[in-house]
Amino acid sequence: MRKLYIVKTKEQFNDLIHKGKCQKNKYFVVYSQKNNLEYDRFGISVGKKIGKAVTRNKYKRKIRSIIDIYRKDYLKKEDYIIILRNRALTLNYQELSKELISLLKEEN
């Protein structure tokens, strides 16, 4: 994922969380809000309860990979914050991908 497609600052995260719409399932919480850009932007948050840094970074890489695949098929011009929940640790990559993409599709 290129840096262009990333929500980076704390202010952007807080704005999305407070003003954006929220979708939840057992494994993810996704906040979204329209942007005025020609592309989607994503922010990923994996809390310290998930595990140590190695584990958190592994799941961030998995989510980025899923987003890269998803982004090619759909373009909504929105900003997203994806928060991983503890239960997602039991899923393999295919199940994780299926759950996240189904949640992002529900955003319509």
Below 8 Å between Cα atoms, with a sequence gap of 6+, how large is the relative contact order for the chain in percent? 37 percent
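What does the extension gain come out to for SER45 and ASP15, with contour length at 0.36 nm per residue minus their alpha carbon separation?
On the way: separation 30, 0.36 × 30 = 10.80 nm, distance 1.46 nm.
Once the chain is fully extended between SER45 and ASP15, it gains 9.3 nm.
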Starting from 0.36 nm per residue, how many nanometres of slack lie between TYR74 and LYS8 once their C-alpha separation is accounted for? 21.6 nm
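Rule-based calculations on the coordinates, nothing more; no lab input. Just so you know, these numbers come straight off a predicted model, no measurement behind them.
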